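Below: one structure, written as structure tokens.
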Amino acid sequence: MNAGTGDHLATLAAPARELGSAVHTLVEGRLYALQNVFGLGGAASAYPANAQGYSVCNCYLLKEGDRALLLDSGLAVHASSLISQIARLIEPGTRLSVYPLRINEFMSVSNVEALADAFDLEQCYSSNADAALWVDFGGRSDRPGAKADPVKTTLVKRAQRLHVGDEARGRALEAFQAPIRLIGTRWIYDEATRTLFTSDSFSWEWSLEAEGPWFLDGRGCSTTAAHVRSFLLNTRYWWLEGGDTATLRKKLAVVFDKYDIENLAPGYGRVMRGRDLVQRQYQLLDDVLASLDRSVVQARYVDRDELR
């Protein structure tokens, strides 16, 4: 395990240079977290308005032979940093695919066009047949008179096995609907690295310092159920209180019973490593969901600016 800073990158855009970036190696040669820092303090809708400090936008690069897959494409402000990070990790001739885990989220789709310009982009995975129309914005396609240059779309069903590389010899991934979600969201399980990519779930670990740390093991975890509950209710999961969370808990349990998970890899925030920590984080979420079920607490009107 090692983490390199963005000091070695040559082409960082100014905002990214100020706040920093890092490449975190989860499995050498096979899985990397490409992390770019952004500020909180009410500036990020993925975090509670009263959250202070910094977090990271995580894209994940999975390498296998002459193929690579990027999960999510990051925020537009991080485009040059992300391209530099990828260029350091893949060899010439590597064909790159992109899978935005939330097709209607800027953090997932913003840099697909920039990546297509910078690398040999093989395809974009999506559950939407018109995915090319969701990702074709940016400096090139927005220019007057620009001609459409659609990215090849490979459709993914609600649950489907994918491969990094060809189907016969490639590395198998399990893609499926997120058990808890507000918008269309996919989770991915990578058996080769025992990593669960959880998109906008398990993203409640951030830092008061721009330097992080941006990964977490059991030794540094002091997260409480109260913290997780407040995070959920003050972000896009505000609707959980008084809802049918028993159904969500059953779906969540299926995932954590089925897969051997050593790493939790969220779209935002610290990457979490180690079976004990994974189990602890899952149990925290399950306990909070249980406390929010309609059998325990009644749903009520919540003012937009109310902090819980």
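Miscellaneous remarks
- Residue count for region 25-66, restricted to those that are more than 24 Å from residue 262 (Cβ to Cβ), of a type in the set (A, V, I, L, M, F, W, C) and in contact with a strand residue (DSSP E or B) (Cβ under 7 Å, 6 or more places away or on another chain): 5
- If you go through region 147-203 and keep only what is among the acidic types (Asp, Glu) and closer than 21 Å to residue 262 by Cα, you end up with 174, 190, 191, 200.
- Condition check for residue 134 on (1) modelled with pLDDT of 95 or more; (2) open to solvent by 50 Å² or more (accessible area, probe 1.4 Å); (3) among the hydrophobic types (A, V, I, L, M, F, W, C): one failure, at (1).
- Within region 226-237, residues that are under 12 Å from residue 284 (Cα atoms) have Cβ atoms under 8 Å from residues that are acidic (Asp, Glu) in no pair, counting only partners at least 6 apart in sequence or on another chain.
- Cβ-Cβ under 7 Å pairs, at least 6 apart or on other chains, region 254-269 side farther than 18 Å from residue 30 by Cα, far side part of a helix (DSSP H, G or I) and open to solvent by 10 Å² or more (accessible area, probe 1.4 Å): 256/282
- Residue within region 245-261 that is surrounded by 16 or more Cβ atoms within 10 Å (Cβ to Cβ), at positive phi and at pLDDT 95 or above present: no
- Single residue of region 24-43 satisfying the filter (more than 15 Å from the chain's Cα centre (by Cα) and among the aliphatic types (A, V, I, L, M)) that is most open to solvent (accessible area, probe 1.4 Å): 43
- For region 98-129, taking the residues that are under 13 Å from residue 82 (Cβ atoms) and of a type in the set (Asp, Glu), the one that is surrounded by the most Cβ atoms within 10 Å (Cβ to Cβ) is identified as 113.
- Contacts under 6 angstrom Cβ, first residue in region 46-70 being farther than 30 Å from residue 95 by Cα and of a type in the set (Phe, Trp, Tyr), partner open to solvent by less than 10 Å² (accessible area, probe 1.4 Å) and in a strand (DSSP E or B), 6 or more apart: 54/37; 54/207
- Count of region 51-104 residues which are under 16 Å from residue 173 (Cα atoms) and of a type in the set (S, T, N, Q): 1
- Number of residues in region 166-221 that are open to solvent by less than 40 Å² (accessible area, probe 1.4 Å), at pLDDT 95 or above, part of a loop (DSSP other than H, G, I, E, B) and more than 25 Å from residue 105 (Cα to Cα): the value is 1.
Let's see how each residue does on (1) closer than 24 Å to residue 176 by Cβ; (2) aliphatic (A, V, I, L, M); (3) under 19 Å from the mean Cα position of the chain (by Cα):
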{"residue": "202", "(1), (2), (3)": "yes, no, yes"}
{"residue": "209", "(1), (2), (3)": "no, no, no"}
{"residue": "216", "(1), (2), (3)": "no, yes, yes"}
{"residue": "239", "(1), (2), (3)": "yes, no, no"}
{"residue": "247", "(1), (2), (3)": "yes, no, no"}
{"residue": "268", "(1), (2), (3)": "yes, no, yes"}
{"residue": "278", "(1), (2), (3)": "yes, yes, yes"}
{"residue": "286", "(1), (2), (3)": "yes, no, no"}
{"residue": "291", "(1), (2), (3)": "no, no, no"}
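- Selection over region 92-141 of residues that are more than 19 Å from the chain's Cα centre (by Cα) and part of a loop (DSSP other than H, G, I, E, B) gives a count of 13.
- All told, residue 289 falls short of being under 28 Å from residue 36 (Cβ atoms), of a type in the set (A, V, I, L, M) and in a helix (DSSP H, G or I).
- Qualifying residue in region 268-284 (condition: open to solvent by 10 Å² or more (accessible area, probe 1.4 Å), outside any helix (DSSP H, G or I), among the β-branched types (Val, Ile, Thr) and closer than 20 Å to residue 46 by Cβ): no
The values are calculated or read from the model by the stated rules, or taken from the named source; none is laboratory data. Keep in mind that what you see is a predicted model, and the values were worked out from it rather than measured. Heads up, the Cβs are rebuilt from the backbone with ideal geometry, glycines too, and the neighbour counts pull from every protein chain shown. Protein only, heavy atoms only, side chains kept; ligands, DNA and RNA dropped before computing areas. Shrake-Rupley method; radii C 1.70, N 1.55, O 1.52, S 1.80 Å.
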